[in-house]
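Below is one structure, written out as structure tokens; the observations come after it.
Nothing in this text is a laboratory measurement; each read-out follows from the coordinates by a stated rule. From a predicted model like this one, the values you see are computed outputs, not experimental measurements. Note that each Cβ is placed from the backbone with ideal geometry, even for glycine, and that neighbours are counted across all protein chains shown.
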Amino acid sequence: MFPISPLSTDTSEFIQAKIDNKTKPLGALGALEPLALQLALITDQRRKNKLVSSIEVINRSAENNSSSNCKKRISINNPSMLVFAGDHGINEEGVSIAPSSVTEQMVLNFLHGGAAINCFCQSNDIELTVIDCGILKPINQDEIPQPTDDITTSDITGNVKLIEHRLGEGTQNFSIEAAMSITQVKEGIEQAKTLVNTKVSQGVELILLGEMGIANTSSAAALMSALTSFSVKECVGRGTGISDEQLDKKIALIEKALQRVTLSNTNYMEPVNLDQEGILNILAELGGFEIVQMVSAILASASKSILVVIDGFIVSVAALVALRLNENVANYLIFSHVSQENAHQLLLTELLAAQTFSNQTFSNQKVKPLLDLGLRLGEGTGGALALPLIKAAASFYNNMASFESAGVTV
């Protein structure tokens, strides 16, 4: 589906030596150090891919591959936030505190520049694109802010773009039938792939993902339980703050859905053994339109050696699906934060365990989510807030003096 090269660690020793020789004690920058290693490795791989694809260099010696490339600067230019929106048929069962119409209202809020993600993208100079993957009603052009002679669209919204990749008017109620057809899944995959390829051709070197969809925690929890050994109860949370009664109903509906598609945890203790067709079928049965397109965006980015910043629970489930489709995707992911959702904490443990780029280099410094702020909003807010830390890791790697260059002797 997506040709994703394993992240090469050939230059890890050289990159690590550069990090260790900065004017600081070993490991003193904590989690920023393995982050810098990851950024440097992926920048290196992206440059190699460009060289090979343009046939500028075909035969390079192993020495040149390592020693020259480790001197390169980390590059994460033109970060782009993609917020995927879709509605969910399961919400007709009352599993959220909000009606599905709120999805459309929030998309309009994004387009008018009034949401938290707008504020954080503007604060951190992140391009923001909202993708309508299939909310109940399409956005009318007259609802989108228009420039006037005195005021530009950028002044109003921070230059938010809307893209229509509609797969339908919300998914079906997955507790009683498939959320979507396999044809819709494949269409969504192609749409998001095209979007990412366009962004990359425009110079984007860092993709940040967010989502909006009332009741999408139900779909995400169902997918997590189907694709891991975790029980439904372990995967279900209160989302936007549902009552005990709603929580019990949410669990029961997801268990019913898993029984409907004959996917009980006892039968799927080793979900990594599912083939591509099986995983796509699970996505069709239980997924959301926005989740499908986020899965594709992750895979497409990794295939271009582009880092993907993962937000909260919903985006992390999309990362899980992507990982099940291609294990090589793991090392291209940065986990921006850990949320208050217990299921997110469990899922991150599994996703982080799949990352291998730092196993041999950092014995005492584990790769972990960058932030723990008690966030549970979604929209990509965690990713936007983590970007300054990602930039800081790149900055110290690129610009911090070495002991030798600074004339410091210890």
>> For GLU327, project a label point 7 Å along Cα to C-beta. Then give me every residue of region 1-26 with its amide nitrogen under 19 Å of that point.
In response: 1-10
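Once you keep just the Cα pairs under 8 angstrom separated by 6 or more residues, what percentage relative contact order results for the chain? Intermediate values should be presented prior to the final figure.
On the way: 760 pairs, mean separation 99.9, N = 410.
Result for the chain is 24 percent.
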>> Using a 7 Å offset from the Cα along the Cα-to-Cβ direction at both LYS24 and GLU177, what is the distance between the two label points in nm, to one decimal?
In response: 5.6 nm
> Ratio of region 118-261's C-alpha Rg to 2.2 N^0.38 Å, to two decimals?
Replying inline: 1.28
> What residue among GLU379, GLU187, GLU211 shows peak mean-square fluctuation when the chain is described by a Gaussian network model with Cα springs under 10 Å?
Replying inline: GLU187
> LEU371 to LEU352: extension gain in nm, 0.36 nm per residue of separation minus the Cα-Cα distance?
Replying inline: 5.4 nm
> In the Gaussian network model of the chain, springs joining C-alpha atoms below 10 Å, which of ASN118, ASN399, ASN281 carries the largest mean-square fluctuation?
Replying inline: ASN399
> Over region 80-387, one equal point on each Cα, no solvent: what is log10 I(q)/I(0) by the Debye formula at q = 0.07, 0.09, 0.12, 0.16 Å⁻¹?
Replying inline: -0.24, -0.40, -0.72, -1.34
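Quote the relative contact order of region 272-410 in percent (integer), defining contacts as alpha-carbon pairs under 8 Å separated by 6+ residues. Provide the component values of the computation, followed by the final result.
Working: 142 pairs, mean separation 31.5, N = 139.
Worked out over region 272-410, it gives 23 percent.
Set the bar at 30 Å for Cα to Cα. Now go through LYS18/LYS48; LYS22/LYS199; LYS304/LYS368; LYS193/LYS250; LYS18/LYS161 and name every pair that lies beyond it.
Working: LYS18/LYS48 20 Å; LYS22/LYS199 34 Å; LYS304/LYS368 24 Å; LYS193/LYS250 32 Å; LYS18/LYS161 40 Å.
Distance filter (> 30 Å) returns LYS22/LYS199; LYS193/LYS250; LYS18/LYS161.
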>> Compute a Gaussian network model of the chain, connecting alpha carbons closer than 10 Å, and tell me which residue from GLY239, GLY288, GLY86 fluctuates the most.
In response: GLY239
> Could you state the number of Å between the C-alpha centres of region 1-17 and region 67-134?
Replying inline: 29 Å
